[in-house]
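Derivation of every value follows stated rules applied to the coordinates shown; laboratory data play no part. On a predicted model such as this, the values are computed, not experimentally measured, just so you know. Note that we place each Cβ from the backbone using ideal geometry, even for glycine, and neighbour counts take in every protein chain shown.
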Amino acid sequence: MSTNATDIAEINVIGSILLNPGSFQLIDLRTEDFYFALHQNIFQTISDLSRNGEIIDPVTIQAKLEAKGQKIPAEILRSFASVTVTAANVEEYARIVKNSSLIRSLKSMSSEMQDVHDTDDGQEILVRTIKKLDELMQNGTPIDVIDSMSALLDLNEYRNAINEKPEGEFIRTRFENLDRILGGGLLKGGYYILAARTSMGKTSVALQIADNVAGYRENVLFVSLEMSVRQMTAKRISRLTGIPNMKILTGSLSTDEYRKFGDAASTLAEVPVVLNKRVSASVADVQAMAVRVNPCLIIIDYLGLIRPGSRRKSKYEEITEISHDLKALALKLNIPVLCLAQINRESEATKDKRPQLHNLRDSGDIEQDADGVMLMYRPGYYKREEAAPQW
């Protein structure tokens with residue numbers, strides 16, 4: 001077996017996971033990040049086991065591989081664990097593997113560029129290269145989370161007190177009518193969908209639910225794949241102060257508005273809502289964030305932007321896979337997962353424009369997976385007058 005740094009790092013990543021299966025949640029690697037085919041097969045199998053909530057050990061890995069017609073002696077798997085001194089360094093091993101993967105990808109791109117001919121379409125090559133670089137930047141960025149006030153106000157310390165936990169099997173949204181309809185709130189281990197047409201305010205409602213729950217000192221993980229941390233924080237402050245988002249983002253505030261801004265910032269600094277910094281994430285990424293944050297609720301904005309774990313033939317199949325994985329994640333962590341979703345234009349073709357379940361865009365098996373689907377409808381949006389969302 002080769003003794004180069006990449007080989008050793010890959011072996012130690014797998015060995016760390018065998019020593020401590022929880023290590024898998026601490027790293028951000030894809031199967032293709034591994035150079036050696038044997039390691040790719042083993043890591044993909046580990047990923048499959050984790051996604052399905054199954055036990056990860058040499059026996060289950062070997063059984064899974066054999067089911068796919070791939071035979072790997074058990075002693076090889078055991079040797080990976082035996083040469084790994086400790087699982088405590090798994091993140092450093094993963095960093096080496098990720099770095100090697102990036103270097104290989106960059107070298108491959110460089111080689112492709114050298115093969116460019118004068119007769120090729122330069123604009124097309126440029127667009128393709130930029131796209132590849134963007135993918136590398138997304139896949140090469142370590143998973144990280146940051147609380148919104150630290151990002152906006154550069155607070156010195158993020159307060160993460162956990163007390164006064166909501167009791168029972170439900171996490172209350174603090175929207176009384178919604179909690180009543182749901183039978184008490186969001187069920188622990190439940191998977192929920194909050195869907196609406198564009199501009200109906202579903203992100204604002206989701207952020208308010210996050211603040212309501214976190215107001216009782218419970219960590220809430222809010223994964224936005226559509227807005228930056230700054231934009232989300234501006235929305236939260238706007239809700240508390242009535243100051244328009246754009247004024248907050250541009251800084252054009254009056255003296256009185258600055259005072260209101262400061263008061264709202266102080267309030268939100270006490271609320272443990274944790275926001276993600278990445279603009280792309282898979283369900284596995286969300287799970288890794290949750291392991292670090294230990295939230296009582298995960299909110300994702302939105303379903304259609306979650307990166308699938310594998311490329312499927314159609315968007316429908318990808319959404320189906322993602323929906324299954326989100327349901328499994330909620331059950332595994334025993335916390336509710338609330339995922340936002342888009343409603344297609346068909347709902348606007350009806351007389352009252354009220355959305356129905358079949359209006360969910362690229363819905364896959366959402367209706368079957370979800371423990372609850374909430375469809376937002378705001379009559380005033382179509383009448384061009386103010387009206388509160390109806391559930």
For residue 307 and residue 252, calculate 0.36 nm times their separation in residues minus their Cα-Cα distance, and state this gained length in nm to one decimal. 16.2 nm
Ranked highest first by the average count of other Cβ atoms within 10 Å around their residues, in what order do 8-18, 52-62, 289-299 fall? 8-18, 289-299, 52-62
Cα extents of the range 5-105 along the three principal axes, largest first, in whole Å? 33, 27, 25
Using only alpha carbons, build the gyration tensor for the range 1-58 and give me the equivalent ellipsoid semi-axes, biggest first, whole Å. 19, 12, 10
Can you give the direction-averaged projected area of the convex hull of the alpha-carbon atoms in the range 175-279, in nm²? 7.6 nm²
Rg and Dmax of the range 211-338, Cα atoms only, in Å: 16.8, 55
For the range 4-21, 3J(HN,Hα) per residue [Karplus equation, 6.51 cos²θ - 1.76 cosθ + 1.60, θ = phi - 60°, Hz, x = Gly/Pro]: 5, 4, 5, 4, 4, 5, 5, 4, 6, 5, 5, x, 4, 5, 5, 6, 9, x
With a ≥ b ≥ c taken as the square roots of the eigenvalues of the C-alpha gyration tensor of the range 242-283, please select rounded if a/c is under 1.5 and otherwise prolate if a/b is larger than b/c or oblate if it is not? oblate
Using amide H atoms built in the peptide plane, which far-off residues or other-chain residues are under 5 Å from residue 193 H to H? 339, 372, 373, 374
Say each of residue 110 and residue 371 gets a label point 7 Å from the Cα, pointing the same way as Cα to Cβ; how far apart are those two points in nm? 5.2 nm
For residue 176 and residue 354, extending 7 Å from Cα along the Cα-Cβ vector and measuring point to point gives, in nm, a value of 2.3 nm
